[in-house]
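Notes for the one structure printed next.
The values are calculated or read from the model by the stated rules, or taken from the named source; none is laboratory data. All values reported here derive from a predicted model rather than from experimental measurement. Glycine gets a Cβ as well: all are built from the backbone with ideal geometry, and neighbour counts include every protein chain shown. The accessibility values were calculated without ligands, DNA or RNA, using every heavy atom of the protein model including side chains. Shrake-Rupley method; radii C 1.70, N 1.55, O 1.52, S 1.80 Å.
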Amino acid sequence: KVELFPNGRGVGQKVFKAAYFEKPFQEAQQVCAQAGGQLPSPRSEAENEALQQLVEVENKDRVFLSMTDFQTEGRFTYPGGEPLVYSNWNPGEPNNKDGNEHCVEMYTNGQWNDLPCEEIRPVICEF
Ligand code: GN1
Ligand code: CA
Ligand code: CA
């Protein structure tokens with residue numbers, strides 16, 4: 001499908017697309033929302049793997065996911081406030097390092113880490 005070429009990956013009804021710039025979390029969130037999507041929210045292993053593949057083929061490094069624990073420390077939720085139905089934390093994560101890690105990134109191996117929302121990451125959105 002044309003919308004998947006060259007910078008997209010489809011999985012079920014979901015499409016992940018890579019942008020060509022890097023942003024901190026809040027700006028990345030705004031960019032995705034403005035485009036009618038949101039930051040990636042992998043809700044299954046299949047979705048997580050599709051996102052990981054896109055990161056790989058696009059030669060991106062770590063990317064932000066949509067989920068945060070702003071509301072209750074240690075309880076990550078989707079943008080709508082619902083608790084996670086799937087997670088793939090790197091062992092020892094989330095560790096809320098220095099008390100300031102309320103966003104989530106995916107490593108290139110597909111595993112997740114909580115990190116400061118002020119960090120800058122290449123933007124991928126889901127639609
Ligand atoms: C550490 O080294 P790195 O970036 O993969 C830390 C994470 C922190 C991160 C902060 C095992 O991960 O928990 O979020 O620094 N990992 C460990 O940048 O301590
Ligand atoms: Ca936290
Ligand atoms: Ca962490």
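Quick rundown of the values:
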item	result
Estimated D of segment 51-117 in µm² per second, where Rh is the Kirkwood radius over Cα pairs and Stokes-Einstein applies at 10 °C, 1.306 mPa s	130 µm²/s
Centroid-to-centroid separation of segment 10-37 and segment 86-104 [C-alpha atoms, Å]	21 Å
Accessible carbon and sulfur surface of the chain relative to its total accessible area, %, 1.4 Å	46 percent
Average projected area [Cα convex hull, segment 16-127], square nanometres	6.2 nm²
Nearby lysines by direct alpha-carbon distance to Lys97 (threshold 27 angstrom, same-chain neighbours under 8 apart not counted)	Lys23, Lys60
Degrees separating the helix 25-34 axis from the principal Cα axis of the chain, which is the longest one	40 degrees
Nearest-20 debye value, segment 1-111 charge dipole, Cβ charges on Lys, Arg, Asp, Glu	340 debye
Whole-Hz ³J(HN,Hα) from phi, Karplus 6.51 cos²θ - 1.76 cosθ + 1.60, for segment 52-67, glycine and proline x	4, 4, 5, 4, 5, 5, 8, 6, 8, 9, 4, 10, 5, 9, 7, 7
Residues of the chain: accessible area per residue with a 1.4 Å probe, Å²	54 Å²
